[in-house]
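In what follows, a single structure is set out as structure tokens and then discussed.
The values are calculated or read from the model by the stated rules, or taken from the named source; none is laboratory data. Since the structure is predicted, the reported quantities are computational estimates derived from the model, not experimental observations. No Cβ is skipped: glycine too gets one built from the backbone with ideal geometry, and neighbour counts run over all protein chains shown. Keep in mind that these areas ignore ligands, DNA and RNA; they rest on the heavy atoms of the full protein, side chains included. Shrake-Rupley method; radii C 1.70, N 1.55, O 1.52, S 1.80 Å.
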Protein chains: 4
Amino acid sequence: MPNFQAILNTIYNDTVKATDKGNVATYIPELAHIDKNNFGMHLKTIDGKVYGIGNYNTKFSIQSISKVLALSKAMSLIGNDIWKRVDVEPSGHPFNQLALLEINDGIPRNPLINAGAIVIADILVSNLENPKADFLNYVRELTGDQSIQFNEKVAHSERETGFRNFAAANLLKSFKNLNNPVDEVLDFYFHQCAIEMTCSQLSKSFFFLANKGKCVLNKTRLTKTQAKRINAIMLTCGFYDEAGEFAFEVGLPGKSGVGGGIVALLPDHFVITTWAPGLNKKGNSKLGMFALEQFTTKTNLSIF
Amino acid sequence: MPNFQAILNTIYNDTVKATDKGNVATYIPELAHIDKNNFGMHLKTIDGKVYGIGNYNTKFSIQSISKVLALSKAMSLIGNDIWKRVDVEPSGHPFNQLALLEINDGIPRNPLINAGAIVIADILVSNLENPKADFLNYVRELTGDQSIQFNEKVAHSERETGFRNFAAANLLKSFKNLNNPVDEVLDFYFHQCAIEMTCSQLSKSFFFLANKGKCVLNKTRLTKTQAKRINAIMLTCGFYDEAGEFAFEVGLPGKSGVGGGIVALLPDHFVITTWAPGLNKKGNSKLGMFALEQFTTKTNLSIF
Amino acid sequence: MPNFQAILNTIYNDTVKATDKGNVATYIPELAHIDKNNFGMHLKTIDGKVYGIGNYNTKFSIQSISKVLALSKAMSLIGNDIWKRVDVEPSGHPFNQLALLEINDGIPRNPLINAGAIVIADILVSNLENPKADFLNYVRELTGDQSIQFNEKVAHSERETGFRNFAAANLLKSFKNLNNPVDEVLDFYFHQCAIEMTCSQLSKSFFFLANKGKCVLNKTRLTKTQAKRINAIMLTCGFYDEAGEFAFEVGLPGKSGVGGGIVALLPDHFVITTWAPGLNKKGNSKLGMFALEQFTTKTNLSIF
Amino acid sequence: MPNFQAILNTIYNDTVKATDKGNVATYIPELAHIDKNNFGMHLKTIDGKVYGIGNYNTKFSIQSISKVLALSKAMSLIGNDIWKRVDVEPSGHPFNQLALLEINDGIPRNPLINAGAIVIADILVSNLENPKADFLNYVRELTGDQSIQFNEKVAHSERETGFRNFAAANLLKSFKNLNNPVDEVLDFYFHQCAIEMTCSQLSKSFFFLANKGKCVLNKTRLTKTQAKRINAIMLTCGFYDEAGEFAFEVGLPGKSGVGGGIVALLPDHFVITTWAPGLNKKGNSKLGMFALEQFTTKTNLSIF
């Protein structure tokens, strides 16, 4: 067993001195003023040990990381019926491109690109009694932490400026792949993305995916097979147009968000979360990717 | 001078006996119940003579034909500033594809595809005091006919089902190529498309484009150069993905609408309008295209 | 009747003083060393009068202009069977893109993009006894000038460097839309493009398209309808991704080549040819387009 | 440790009774007459044990499976310089599409699509003294088996009919991403694909990728990091437009070929090879995918 805390300390020191920290996302105005000097890293092993460094207890906007949690909830609700409405292939394109949606007659390439995540949101709106409250509660239960909240300002900010998501939702609607009204689905979706969590909370919330479907409270959330499949989707589709690069450099299933977070995991071993708000050109956390590459190189722990 | 009335009569007889009349557009529910046995044809020559056959005095929804009239109004209001926001190239794709909009950073290929027409609508909303009333008045003045109206049911029907137009407008907004709120621009756009006119009225309303910019009331609406340029755009872009076919078979600048209308013109000679509600696979009036091809073949009058 | 010679003189003076003359095509090495200060213009009216200015008697490589002449020969040989193998729609893309060919199952968008012209070349190779000699002879007869030749160095230069054309031809072959061996078809195609002519010769060679199918020797080369259709194709497809711009600014059917030539015509009125080797970003002669825009503006003669 | 032989036996019995066995590839004429009732499966564990069932000792054409071996050789020769010429992202498109190559300025999306594999072939042609003989020798050494051969008839068959590969190679050449002549690179590439091996030989030849770079003869062929990265590329890019599906259903890095073979592996645990010539619509072995899905389900051994 490697000395995880020592490794995190070394990576922290190497990471914070980087001069090029990428750029904070500006297309959601509320996220534009986050200080890109923030850096946190948190590891939770399958036997329950935790390790942290830097700002791992600071809340940030989880954004697209929420897509994995939403997918897990949809899978627990309707199972394989999901795959009638969304595919599981990498998109081979930037995260916001609508062209493939047109080519594929309204079937999004996978549930982790925006169009696919909007279909998943539609499924949750159809199948949850109080969609926003129920989903927030699900995330709290996964994490064992009742303090998790939506940031309403961020949700509102996305509603005012998320024109591409309105475009995608309307296009899905035109292909009859959205059952609820656009505004209702996107209200849910913008709230889902606007959940705020810390690195520590995110490691806990994804624990069930490293643990054959059982969450931190030892409750079964998904079957082993379902957990395995979500991990497969994260590996092939979790990083927009950089999924191959992340698999190649890091070698773990994971998911990034434009808030600067990344959660990655090695099944049966650990969950690891980083937060560094500066993004690279493809929209993934620049220092987060660097730190995770260092981690799998130094520990020699990856799925490959 | 050919005997125009005799030619129209012959074409009428050949056309109405066609067994394959195409299919009425169903994506706008209000248009789905139009009888596809309707067929009208109307010719107005530059010296003011008029010829008609069939249902040339029946009102129908002009739909995309309105894009030419809207473009002419925008041109008279802001001139060449239009071309900062929309290009003049054929799209080479079906009329509703969003892919090219993404490739071209939010600049629609031309003002006669939906995305381009929505930008023109945005220009009119910005530059007219009472956009809907003022535009309707403009069409009435072009035609010299105060009876022309919006069909509110059709406008409402499109608002409820026009998800692709909402997708296009939101995508334009994300590229900052829409200055007014999406709902306001599309409310205008759906009304513009929902104007009802007869073949006879349409021939009058397009007269200024065949007449160097002077309308039926002998009032200058555009400069000669502007009229010439709109004719050029109609020829290269007026028939969705069938512009080349129309130029090849008919050889006149023109514009079709999914309501089954087509207006075409020979500069300095005539305007001709057909109405046949059944569409071919590319969304243009099947019998209208046939009738116009017959007309230019029999009269030997085309721009080529 | 305008004073054509005076107009040509004025345009010449305005054109040659332009500081930005565009850039000579470099992808065909043999064309890279042409002096971009060359400028010639030649007009031939339907009644046989001719007007010239500048280097209108200097030979240059006609390149893609040859595609129109090849199309006319194919049309005279197999008529409408051409349209089983190539469409007549503008491509909406740069002249060398293969993507659309894949989307359309190997049917090129039109006969004036490279892929379409290669299909036409294949038709001529199948239908002419001695393809290169017979085609050269056809061009000589159209022009009434036996001195016209291939430039073998240019043909050879294209063979050595025309990898995109080899890519297109092989792709056509994979879709079974090329009947003869790739090397044989491209040898013909590269020679066809490597014909050298002067502005004066080009005006003569295109005369039949302005003259209802009858060439300068008063021999019928095409039916009236065929000539009209080639003109329609030139208008919608003759300028790569700038066909709309040319229709909009100039308003004549025409065809450009990367050698810097442009031929345009007004049916029943005239043929006009320009030569200026510097190209704009879209691959069309920069000063040629300017000069032709000036010509139709000053004479008020266009199809619109 | 599961009873591997019993599991293979069970899978064999379930697989051979399938009524829909897919279709044998017909685009390479020499492969069209293979009997699709063939089915073989072979497992080699990291500790050297082997298990086989069915036709696991019958030779077949490895086709695209060879791309992984070629990549490993190129990596050992020039290391990370490979990535200047080819990317590591999934293509999101069928294996033979050229469109993405144009969009990405001649840089193939990854080394396992045809265009990328042709670039790798070009690297080998540049860096091996006797490319074909040296590469064959490399495969023999990896496998510890000197009997492995090219099937010259298959190589010849591809040369006569592989027009899409000629198109891709010429397109790469036009982007200056091919240093050697097209014919020379494709002669190498067609031979590489025409190697014939059995399931048993393939399991041996891929052993080094499951074994941190050391081959069956205990010789180091790649560094641990290089082996890990090839595994990452196989997982994200190894199955054309079905990579996500394979990761989702099977959960192992692997590579398929149109000859009906699939090799997959679990790092530090085993290599498994299947052969079933009938392909599904996406070009992957239909029964091979089924058998591998059964294997990871029954053994619960996958990277996720």
Could you work out the relative contact order of the range D:4-299, using alpha carbon pairs under 8 angstrom and six or more residues apart, expressed as a whole percent?
28 percent
Given the candidates D:Y189, D:N165, D:A99, the one whose Cα lies deepest towards the positive end of the charge dipole of chain D, counting +1 at each Lys or Arg C-beta and -1 at each Asp or Glu C-beta, is D:Y189
At a 1.4 Å probe radius, carbon and sulfur cover how many percent of the accessible area of the range C:206-290?
51 percent
Expressed in angstrom, Rg and Dmax over the Cα atoms of the range A:35-136 are 16.7, 47
Name the most mobile residue of C:L217, C:L101, C:L31, meaning the one with the largest mean-square fluctuation, in a Gaussian network model of chain C with Cα contacts below 10 Å.
C:L217
Using helices alone, what [θ] at 222 nm do you get for chain D, with -39,500 (n - 2.57) per DSSP H run of 4 or more residues, divided over all residues and rounded to the nearest 500?
-13500 deg cm²/dmol
Cβ-based net charge around C:N104, under 12 Å, with every Lys or Arg adding one and every Asp or Glu removing one
-3
I need the calculated FRET efficiency for the pair B:N23 and B:I78, taking r as the beta carbon distance and R₀ as 35 Å, to the nearest 0.05.
0.35
If you place +1 on the Cβ of every Lys and Arg, -1 on the Cβ of every Asp and Glu, and leave all else neutral, what size is the dipole of the protein assembly as shown about its Cα centre, to the nearest 20 Debye?
0 debye
Of the options B:A25, B:F270, B:F248, report the single residue whose Cα projects farthest towards the positive end of the charge dipole of the range B:4-299 (beta-carbon charges: Lys, Arg +1; Asp, Glu -1).
B:F270
Viscosity 1.306 mPa s, temperature 10 °C: give me the Stokes-Einstein translational D for the protein assembly as shown in µm²/s, with Rh taken as the Kirkwood radius over C-alpha pairs.
48 µm²/s
Flagged as over-length at 26 Å C-alpha distance, from A:K67/B:K282; A:K84/A:K255; A:K84/D:K36; A:K173/A:K204; D:K84/D:K255; D:K67/D:K176, the pairs are A:K67/B:K282; A:K84/D:K36; A:K173/A:K204
Any chance you could get the radius of gyration and Dmax over the Cα atoms of chain A, in Å?
17.7, 54
Based on Cβ point charges of +1 for Lys and Arg and -1 for Asp and Glu, what charge dipole magnitude is obtained for chain D about its Cα centre, in debye rounded to the nearest 20?
660 debye
Kindly compute the accessible surface that chains A and B hide from a 1.4 Å probe when together, both sides summed, and give it to the nearest 100 Å².
1200 Å²
Please name the residues of the range B:267-304 whose accessible area, counted over protein heavy atoms with a 1.4 angstrom probe, falls by no less than 50 Å² between the chain alone and the full protein assembly.
B:I303, B:F304
Taking each residue in D:174-180, count the Cβ atoms of any other chain within 10 Å of its Cβ, then average. What number comes out?
2
Based on Cβ point charges of +1 for Lys and Arg and -1 for Asp and Glu, what charge dipole magnitude is obtained for the range B:146-304 about its Cα centre, in debye rounded to the nearest 20?
560 debye
Across the identical copies, how the B:N137 labels are spaced - nm, sorted shortest first, 7 Å along Cα→Cβ
5.7, 7.1, 8.9
When Lys and Arg each count +1 and Asp and Glu each count -1, what net charge do the other residues less than 9 Å away from D:G22, Cβ to Cβ, add up to?
+3
Looking at the range D:200-236, which residues lose a minimum of 20 Å² of accessible area between their chain alone and all protein chains in place, measuring with a 1.4 Å probe and not counting ligands or nucleic acids?
D:K224, D:K228, D:R229, D:A232, D:L235, D:T236
Compare each residue of the range D:141-171 in its chain alone against the assembly with all protein chains, and report those whose accessible area goes down by 50 Å² or more; 1.4 Å probe, heavy atoms.
D:F163, D:R164, D:N170
Enter the angle in degrees (range 0 to 90, nearest 10) between the Cα long axis of helix B:152-161 and the first principal axis of the Cα atoms of chain B, meaning the one along which they spread out most.
60 degrees
The answer for chain B, accessible area per residue at 1.4 Å probe in Å², is 34 Å²
Compute the acute angle (0 to 90°) between the alpha-carbon long axis of helix C:224-237 and the principal axis of greatest extent of the alpha-carbon atoms of chain C; round to the nearest 10°.
90 degrees
Rounded tilt (10° steps) of B:163-174 against the dominant C-alpha axis of chain B:
50 degrees
Considering only Cα-Cα distances, which of the following residue pairs are longer than 26 Å: D:K49/D:K219; B:K219/C:K212; A:K44/D:K228?
B:K219/C:K212
Please give the residues of the range A:171-189, grouped as numeric ranges, whose backbone N is less than 18 Å from a label point set 7 Å along the Cα-to-Cβ vector of A:D105.
A:171-179
Tell me, what is the FRET efficiency for C:M1 and C:D134 to the nearest 0.05, using R0 = 41 angstrom and their Cβ-Cβ distance as r?
0.60
